[in-house]
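*Asks:* After the structure tokens below, expect a handful of questions from me.
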Amino acid sequence: MISTAIRVARVGSAAELAAAVLMMLGFPALMLAALIPSVPAFAAAAVVTYVADHYLHRQASYLVNRLSKVRAGLSIRFLIRQLLLILLLARMDLSDHLIFYGAIACFIAFYGLQAPHGAVVTLIRNRRRMPVATRNVDLGSRINIPDAPPFGLLERSAEKMLHLDLFAVVGLLISAQLDSAVAAFIGIGVTLFLGTLYVVALLPYIRGTKIPPTAEVILAAFDGWLREYKPQTVLYFSGSKDSTYQVNMWLEAMEELDTRPLVLLRERVILQNLAPTKVPVVCVPGGVHLMNMDLSTVRVALYAANVGKNIHLLRVPTMKHVFIGHGDSDKLASVNPFSKVYDEVWTAGRAGRDRYAIADVGVRDDDIVEVGRPQLAPIQTWQGVPEGRIPTVLYAPTWEGWDNDPGNTSLLLAGENIVKKLLKADPPVRVLYKPHPFTGTVSTAAGSAHRKVTALVEKAAAERATDPRFQADATAQTKAKADLVRIEARITELSGGPADKGDEAELTRDGVVDLAKYEEIARLRAEWNDAYWNSFGTFEHRVISGSEPRLYDCFNVSDAMVSDISSVVSDFIASGKPYAVTDSAKLGVEEFKRQNTAVRAAVILSNKATELGELLAAVRTPDADPMAEDRKELKEYLLGPDEPTSIEQFNTAVENLALKSETRNVGQERAAASGDAMSPPSAEAHLSADPTVG
């Protein structure tokens, strides 16, 4: 019942739901207390509404955001409470009393302060919003970007301003109860004084040297940096906050390029959630600004997603455009017909090439290049289950997708069956459940299935904790938990909290990576991962959500995996470990394998998951695993050879395509100079004519 209410209200937890209910009941209670009239009852109801409202704002509750759409926004809620307070005073026969007129005058004046406060806050934020926001780009030495106002002045500014009425409300209630005007006018004075002070404190940031440079000055400074840096390879990305992982997965590969890299983003929310990197990053929300940027030195543009805004860079003919995607799988997204707009499509292995040939969507075989998967370097190959540890099975289903295809995710039809059978396995295994971050965003049924699986795993974990067969090393766990606290504190210290990070303008000015801190944070994150897994027993079932630990970290502590058709399967194959994939669409084993290359060395599960025994047998007795050799062959087919390494293949592909781009540009220049519209020379002719290229 509670879970249904949470889903309908779209709140994040039972606490949020309780706060929302209390806030909604609090206002009728305020009216009732005003009509009775009862000062104590009104005060109690007012406390409930203040606290509940504040809590929901702190949680960034969806429900609070929706209230403004039905004319019950933040300002209206405060106004209603104040009007009900005036009603209370009138019902107490204080309408001829000085405090009654004082209350009306106070609330009118207080709301009069809202307009300049809101205008100043909006003006400051708009002026400090950069036409291009950057990281690892030294703009601070080129233009003067002033400090932002103190964090506390702008953070949730409207809520803070409105809450200043609390002094007047408390004073008026005390005066109404004691029949004395002193407390009322003290409270009124404090409210108006602090409200005025808040506005005055913001005024210096809209004048003089506190104002950032104009957009034209900032763009000119960035263009100057761009001309000096001369980027050669661009990673371009546009998307929603939830899709940030798609660009994050390529950052390390960009750092290892032999050419000068640049990450080019289109949404500010992506920049705010981008993983730390040493590569220069620029966010250009405006299409006009992007099209006016001087990218004449860029020879290769890499695209991690097929989105509409790609057209703003695809229109540039002086660079070659490559679709690299954000995962290699047998999903239809991996053979998107839109891919033919790129000069090349890079896949991990031969399988990607064959997918396009079979799909026949217009992508030519000559335009496909196999580059491996540089991101898979952290995945460790399997050496069997360590002595003294029970096997660990990772259940990592993908999300439901946009088309409601039952074959997208096993969660809907098979999730509970898979988890129940794993939890009841004999000999026992440990279950790690890591759902896709998009799970439940489209389908409420998928969200419900996810919650059921989570409940199953958590219940089994609680039962196993009391099972005498499973004993943890308490001393080691205590040490690991202490290490986690220490490491997290140090990472927070190095990374800084929200107040330390500044706004967009400050981050653009100061966002040049400190290499020493960057390397220390990378080392600490590796230590954090070890401490995390050591902080609980190797037998303990676990639900793993959020960005940490990463999926590949889960691969490394697991001995087998159950998943769906997605890049997760292709990536897991790099480990050489046994895996199972669910045929949720009921295609049948042969047809399922025919349609999906990545499952050809997998145990195929029906929705009842009765075949899980085959997977567990392969984990417990690796020597008798009938699919071990098949997995080795499939690994090379899907992901390419181990030698040369993926990053070496990736760099070679960038270099080769840059040469094609340079050849084309030189040919165009020569044709334009001679007035001849003939085709540009071949790469060989260009190399012989200009030995400096390459």
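*Asks:* For region 112-227, give me every one of the helices (runs of 4 or more DSSP H) that falls completely inside it and has 3 or more residues that are modelled with pLDDT of 95 or more.
*Replies:* 165-178, 182-202
*Asks:* Does residue 186 satisfy being closer than 25 Å to residue 502 by Cβ and touching a residue at least 12 places away in the same chain (Cβ under 8 Å)? Please lay out each step first, then the result.
*Replies:* Details: closer than 25 Å to residue 502 by Cβ: no; touching a residue at least 12 places away in the same chain (Cβ under 8 Å): yes.
No: the conditions fail for residue 186.
*Asks:* Starting from residues that are of a type outside the set (S, T, N, Q), touching a residue at least 60 places away in the same chain (Cβ under 8 Å) and in a helix (DSSP H, G or I), keep the ones in region 422-452 and report whichever is surrounded by the fewest Cβ atoms within 10 Å (Cβ to Cβ).
*Replies:* 451
*Asks:* Please find, among 545, 535, 566, the residue that is polar (S, T, N, Q) and either at pLDDT 95 or above or under 30 Å from residue 155 (Cβ atoms) (or both).
*Replies:* Working: 535 fails: either at pLDDT 95 or above or under 30 Å from residue 155 (Cβ atoms) (or both); 566 fails: either at pLDDT 95 or above or under 30 Å from residue 155 (Cβ atoms) (or both).
One residue alone meets the criteria, 545.
*Asks:* Of all residues in region 159-183, count the ones that are surrounded by fewer than 24 Cβ atoms within 10 Å (Cβ to Cβ) and either among the small types (Gly, Ala, Ser) or more than 50 Å from the chain's Cα centre (by Cα) (or both).
*Replies:* Within region 159-183, residues that are surrounded by fewer than 24 Cβ atoms within 10 Å (Cβ to Cβ) and either among the small types (Gly, Ala, Ser) or more than 50 Å from the chain's Cα centre (by Cα) (or both) number 7.
*Asks:* For residue 75, are the conditions met, namely being of a type in the set (S, T, N, Q), part of a helix (DSSP H, G or I), closer than 30 Å to residue 452 by Cα and modelled with pLDDT under 90?
*Replies:* Details: of a type in the set (S, T, N, Q): yes; part of a helix (DSSP H, G or I): yes; closer than 30 Å to residue 452 by Cα: no; modelled with pLDDT under 90: yes.
So residue 75 fails the test.
*Asks:* Can you name the condition, by its number, that residue 559 falls short on among (1) among the charged types (D, E, K, R); (2) crowded, with 18+ Cβ neighbours inside 10 Å; (3) farther than 30 Å from residue 268 by Cβ; (4) within 23 Å of the chain's Cα centre (by Cα)?
*Replies:* Single failed check for residue 559: (4).
*Asks:* Residue 505 - would you say it is closer than 30 Å to residue 152 by Cα, touching a residue at least 24 places away in the same chain (Cβ under 8 Å) and in contact with a Pro (Cβ under 6 Å, 6 or more places away or on another chain)?
*Replies:* Working: closer than 30 Å to residue 152 by Cα: yes; touching a residue at least 24 places away in the same chain (Cβ under 8 Å): yes; in contact with a Pro (Cβ under 6 Å, 6 or more places away or on another chain): yes.
Yes, satisfied.
*Asks:* With the condition kept exactly as written, say whether any residue in region 615-626 is part of a helix (DSSP H, G or I), of a type outside the set (Val, Ile, Thr), under 16 Å from residue 397 (Cβ atoms) and modelled with pLDDT of 90 or more.
*Replies:* Yes, because at least one residue in region 615-626 is part of a helix (DSSP H, G or I), of a type outside the set (Val, Ile, Thr), under 16 Å from residue 397 (Cβ atoms) and modelled with pLDDT of 90 or more.
*Asks:* Under the condition of being touching a residue at least 60 places away in the same chain (Cβ under 8 Å) and of a type in the set (D, E, K, R), which residue from region 453-472 is surrounded by the fewest Cβ atoms within 10 Å (Cβ to Cβ)?
*Replies:* Here the residue is 458.
*Asks:* Additional query: Out of the residues in region 304-334 that are outside any loop (DSSP other than H, G, I, E, B) and modelled with pLDDT under 75, which is nearest to residue 638 (Cα to Cα)? Step through it out loud before you land on a result.
*Replies:* Of all residues in region 304-334, those outside any loop (DSSP other than H, G, I, E, B) come to 308-314, 320-323, 332-334.
Okay, now just the ones that are also modelled with pLDDT under 75, so 332-334.
Details: 332: 16, 333: 16, 334: 13 Å.
Residue satisfying both the conditions and the ranking: 334.
*Asks:* For region 50-90, what are the residues that are more than 47 Å from the chain's Cα centre (by Cα) and surrounded by fewer than 17 Cβ atoms within 10 Å (Cβ to Cβ)?
*Replies:* 90
*Asks:* Ok, one more. Confirm whether residue 573 is surrounded by 23 or more Cβ atoms within 10 Å (Cβ to Cβ), more than 30 Å from residue 531 (Cβ to Cβ), of a type in the set (A, V, I, L, M) and within 30 Å of the chain's Cα centre (by Cα). Break it down into steps so the answer makes sense when it comes.
*Replies:* Numbers: surrounded by 23 or more Cβ atoms within 10 Å (Cβ to Cβ): yes; more than 30 Å from residue 531 (Cβ to Cβ): no; of a type in the set (A, V, I, L, M): yes; within 30 Å of the chain's Cα centre (by Cα): yes.
Against the criterion (surrounded by 23 or more Cβ atoms within 10 Å (Cβ to Cβ), more than 30 Å from residue 531 (Cβ to Cβ), of a type in the set (A, V, I, L, M) and within 30 Å of the chain's Cα centre (by Cα)), residue 573 does not qualify.
The values are calculated or read from the model by the stated rules, or taken from the named source; none is laboratory data. Here the structure is a predicted model, which means the values were calculated and not measured. Note that we place each Cβ from the backbone using ideal geometry, even for glycine, and neighbour counts take in every protein chain shown.
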